[in-house]
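Read the structure below first, then the notes.
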Amino acid sequence: MSLGLSGALTRAFIRSPLTPLLLLAALAAGALALISLPREEEPQISVPMVDIMVTTNGYKAADAVELVTLRLAAIGRMARPQISAGEPSSTDGSAAGNRRVYVNDQWQNVATWRRDAVGGSLEICGPAIVEEDYTAVYIAPGWSLTLGRDGHLVAARREELA
């Protein structure tokens, strides 16, 4: 019976007294590679992803879809924000500025507010933007935003969609 090339090499490897030595050398090379290769200690990968499927028979996309939350993750370093437990620095009821935003199929000038200016009984009606050092909150048309009991922002819908 002819073993062929691979059978002859296998028989020679099994019968050779050098086989255990070759196996130990391969294990040592693998351990050395595992120890010497650099590894990233804290991978900076963040991929939050959610697919939501909702059946809305008889509706067009413009009638049935409203963007409520858009999450964006950015990786980087920034200074720790200073959070004060006291009253907001400005509650005169005036916006900090304007920003052009694409709302209802057109560009509009939308009022922008600093987060520390939101306080007391101030109610901000959408469309508007509340900006902080590390985030921004968009208030859509038909929504309003107030300051909650514990200092958090509370958004509420003012009217039902027609």
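At a glance:
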quantity: Cβ-Cβ under 8 Å pairs, at least 6 apart or on other chains, the range 135-162 side closer than 30 Å to residue 75 by Cβ and modelled with pLDDT of 85 or more, far side outside any loop (DSSP other than H, G, I, E, B) and hydroxyl-bearing (Ser, Thr, Tyr); calculated: 153/146; 154/146; 155/144
quantity: Members of the range 105-132 that are outside any strand (DSSP E or B) and loosely packed, with under 12 Cβ neighbours inside 10 Å; calculated: 105, 120, 121
quantity: Inter-residue pairs, beta-carbon under 6 Å, first free of Cβ contacts under 8 Å to residues at least 12 places away in the same chain and in the same structural domain as residue 144 (by TED's automatic domain parsing) and in the range 104-125, second hydrophobic (A, V, I, L, M, F, W, C) and surrounded by 13 or more Cβ atoms within 10 Å (Cβ to Cβ), 6+ apart; calculated: none
quantity: Extreme residue, modelled with the highest pLDDT, among residues of the range 1-38 that are part of a loop (DSSP other than H, G, I, E, B) and surrounded by 10 or more Cβ atoms within 10 Å (Cβ to Cβ); calculated: 16
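The values are calculated or read from the model by the stated rules, or taken from the named source; none is laboratory data. Quick caveat, the model's predicted, so the values are computed rather than measured. Ideal geometry is used to build each Cβ from the backbone, glycine not excepted, and the neighbour counts take in all protein chains shown.
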